[in-house]
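Participant: Once you've had a glance at the structure underneath, I'll fire off some questions.
The values are calculated or read from the model by the stated rules, or taken from the named source; none is laboratory data. On a predicted model such as this, the values are computed, not experimentally measured, just so you know. Cβ: placed from backbone, ideal geometry, glycine included. Neighbour counts: every protein chain shown. Note: areas computed on protein heavy atoms with side chains; ligands, DNA, RNA excluded. Shrake-Rupley method; radii C 1.70, N 1.55, O 1.52, S 1.80 Å.
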Amino acid sequence: MTRLSGITPSGRVQLGNYLGAIQRWASQGTAEDLYFVSDLHAMTTTHNPAMLRALTGEQLAVLIAAGISAESVFVQSDLTRELGALSWVLECTCTFGEAARMVQFKEKAKGRDGARLSLLTYPVLMAADILLQGADEIPVGEDQRQHVELARTLAKRFNATYGEVFTVPSAVLPPAGARVRDLADPTRKMSKSTRSTSDTAGVVFVLDEPELVRRKIRRAATDGEPSVAYDPARPGPANLLEILAACTGSTPGEVAEGYGSYGALKEGVAEAVVEMLRPIRLRAGELLDDPAELERVRKAGAARAAERGEHRLRSALRLVGTGH
Ligand code: TYM
């Protein structure tokens, strides 16, 4: 059984990525699993090449620092040829309507003519990530569920049309409440790709210094109601309680009972988050100070992943009537 998932370096890794995804990837890890930095996906909107390179290194370091085995990680663009080829085959398996119905595409493109074409085709590249490796389970947050569904549809369609090549993958979603919201605006999800620095007031980055983490959490929006109680309809307080529950392996209702005021709750959340992130920040810092080691891990990961996927790509190309 192979689990596979990715993270896009469109910004710095944030607490939602960690609690919603990376933490689970690390805790369930087996030698068969594959986790990668999807740098090709970060090019679907305006991007800065130097920044992309730096963020890719940072994310690779965070994955390892969070406890994912160095044997399981790789960088997507190290497989550009394989993924580019498979992506084309899958684009020829996918309809325009299917791609255009993706919620994330509709939200990000907003009907703009100037949106990059890759914003439309990106879920197909994601399907290529998954299908190339024959992955069975895809641990993702709710926001990626629709994309995994598309990969499922394309795998089934390809197999039925041309011959059995691909494993049909399933999304594995975190328990309810694992969708971390922005601290300053809890009506939207916490996101690493914020547009301006003022936007980051409500985003805790995994590598933020402890004092900054505390400050962001102390300033989190609550709704003015005096009682600390868990009610999913109150997004600000619910978010803080869900974060604390996720950090402590408890439930939001249980953690609410321990606090009499929002001030105290915020202190509790801040300490739990700071302590949880501390070892990751320190280990990632060490890795980033040792680029030769990071490069070694990256090369080994690329070789493993390319070798794993090669026969599926070759079979797929042959079955559609191309290649040798
Ligand atoms: P990305 O980089 O947007 O997010 C990485 C993972 O973090 C989860 N996540 C969250 N979970 C809880 N609360 C939040 N606020 C939050 N924000 C993000 C996401 O659900 C995701 O699991 N396209 C993917 C990366 C990708 C991929 C793949 C994943 C590329 N190829 C193949 C699976 C399989 C992405 O951009 O994730």
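Participant: Given the convex hull over the Cα atoms of the chain, what projected area results after averaging over all orientations, in nm²? Kindly include the intermediate steps, with their values, before the conclusion.
Facilitator: On the way: hull surface 67.7 nm².
Computed as one quarter of the Cα hull surface, the answer is 16.9 nm².
Participant: Just from its helices, what would the mean residue ellipticity at 222 nm be for the chain, if runs of 4 or more DSSP H residues each count -39500 (n - 2.57) and the sum is divided by every residue, rounded to the nearest 500 deg cm²/dmol?
Facilitator: Numbers: 12 runs with 165 residues, N = 324.
Helix-only estimate at 222 nm: -16500 deg cm²/dmol.
Participant: Please sort 129-140, 147-158 by packing, taking for each peptide the average over its residues of neighbouring beta carbons within 10 angstrom, highest first. If you can, show how the numbers build up before the last one.
Facilitator: Values: 129-140: 22.8, 147-158: 20.2.
The packing order, highest mean first, is 129-140, 147-158.
Participant: Given the options Arg101, Arg112, Arg281, which has the most mean-square fluctuation in a GNM of the chain, springs set between C-alpha atoms less than 10 angstrom apart?
Facilitator: Arg112
Participant: State to the nearest 20 debye the size of the charge dipole of segment 198-285 about its Cα centre, where the only charges are +1 on K and R beta carbons and -1 on D and E beta carbons. Intermediate values should be presented prior to the final figure.
Facilitator: Numbers: 10 positive and 13 negative charges, 72 e Å.
Value, rounded to 20: 340 debye.
Participant: Quote the relative contact order of the chain in percent (integer), defining contacts as alpha-carbon pairs under 8 Å separated by 6+ residues. Let's see the in-between values first.
Facilitator: Values: 511 pairs, mean separation 72.4, N = 324.
Reported as a whole number, the value is 22 percent.
Participant: So what's segment 78-209 giving for Rg/Rh, alpha carbon basis, Kirkwood Rh from the mean inverse pair distance?
Facilitator: On the way: Rg = 16.8 Å, Rh = 16.5 Å.
On the Cα set of segment 78-209, Rg over Rh gives 1.02.
Participant: Let me ask something else about it. Suppose every Lys and Arg Cβ carries +1 and every Asp and Glu Cβ carries -1, with no other charges. What dipole size does segment 82-197 come out with about its Cα centre, to the nearest 20 debye? Before the final figure, lay out the partial values.
Facilitator: Numbers: 16 positive and 14 negative charges, 117 e Å.
The dipole of segment 82-197 has a size of about 560 debye.
Participant: While we're here: Accessible area per residue for segment 198-285 in Å², computed with a 1.4 Å probe and the full protein assembly in place, what is it?
Facilitator: Details: 3850 Å² over 88 residues.
Accessible area per residue: 44 Å².
Participant: Given a cut-off of 12 Å, what percent of all Cα-Cα pairs of segment 9-57 lie beyond it?
Facilitator: 67
Participant: Okay, moving on. With a cap of 16 neighbouring Cβ atoms within 10 Å, and only residues DSSP puts in a loop, list the GluC sites (Glu not before Pro) found in segment 225-319.
Facilitator: On the way: sites: Glu242, Glu254, Glu257, Glu267, Glu271, Glu275, Glu286, Glu293, Glu295, Glu307, Glu310; in loops: Glu257.
Counting only loop positions with at most 16 other Cβ atoms within 10 Å, the GluC sites (Glu not before Pro) in segment 225-319 are Glu257.
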